[in-house]
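What follows is calculated from the coordinates using simple rules that are stated; it is not laboratory data. Not measured: the values here are computed from a predicted model. Every residue, glycine among them, receives a Cβ derived from its backbone with ideal geometry; neighbour counts consider all protein chains shown.
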Amino acid sequence: MTRQRVRKFAATVFAVAFMVSIAATPSHALFGWGKKGKASVVKVLAAAVGKVQGSVEHQPKGAPAWNAAQAQQALNAGDRIKTGADGVAVLAFTDGTVLEIDKNSTFLFEGHSTRKVRVRLNIGTLKAWVKKAGKRTFTVRTPTSVAAVRGTEFTAIVDAVGNATWNLFSGALDVTDNFGNSSSLAPGRRMVATKKKGLEESTPIPADVKMDPKPKVDIPAAKEEPAPVEEPAAEEEPAAEEEPAAEEEPAAAEEPAPTETPSQNIEVAPPDEVSPSSE
């Protein structure tokens, strides 16, 4: 097959394969229209200041100053809450989770999404009624420990040194100290994490320590955001057309070696004459 014919054949095969791939691909994937091409939305977990009592201040992420917190004020990742000697702030989430920040406390809202919530209590008292969610993690950090929360009612108390006291009333808490030691806390038990020694053995919650009823607050509406659109996988580029190998020309036939003929100059001696024997 000549080179020109090989190239025509390869071009025909590529064109047929391209048309087949277009026919097999849904129209919305190629041109962005059709029933499946409509933009969808997902509901994202939101949080807000549900109630404010007494002296409560709010500092947005990156802002230099503190301002008075307002009820129904949205909370974003990096926002801080600070309560005074008579201050109480109640935070509400779209899934029904409620956090109460008691007096003389500083609180950092690290971040939240449909899969995780992260908060930090630097000093003071935090009361929590966390809604159980199988696909979401809820973590509370303190200067000396961090707790993973699963459908739980608990309190966290951090003193001026940073020592944390965890009181679990229902659900489950997995507490880890700064030394890497972890322990699961059972309902009705208390655990302390100190700055010098880390986690201590759990003890029963004192009889005079009770969990308050869950505060009643307005639940913020979930935010709707466009769902991420999965881009179609990039089609593989056809392999570069290989040039057909050059046809090998047949090897030239070897000329037969010349046949040697006796040289005409060689003299052939006649047979020896036999002389008659003398009698």
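What order do you get for 60-68, 165-173 when each peptide is scored by the mean count of other beta carbon atoms within 10 Å, highest first? Before the final figure, lay out the partial values.
On the way: 60-68: 10.1, 165-173: 19.7.
In decreasing order of mean packing, 60-68, 165-173 become 165-173, 60-68.
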Listed residue pairs exceeding 24 Å between alpha carbons, taken from Lys103/Lys197; Lys127/Lys216; Lys82/Lys196: Lys103/Lys197; Lys82/Lys196
- request: May I ask you to evaluate 6.51 cos²θ - 1.76 cosθ + 1.60, the Karplus curve with θ = phi - 60°, for each residue of the stretch 56-67 and list the ³J(HN,Hα) values in order in whole Hz, giving x for glycine and proline?
  value: 9, 10, 10, 10, x, 4, x, 7, x, 10, 9, 10
Cβ charges +1 (Lys, Arg) and -1 (Asp, Glu), total dipole of the stretch 42-224, debye: 520 debye
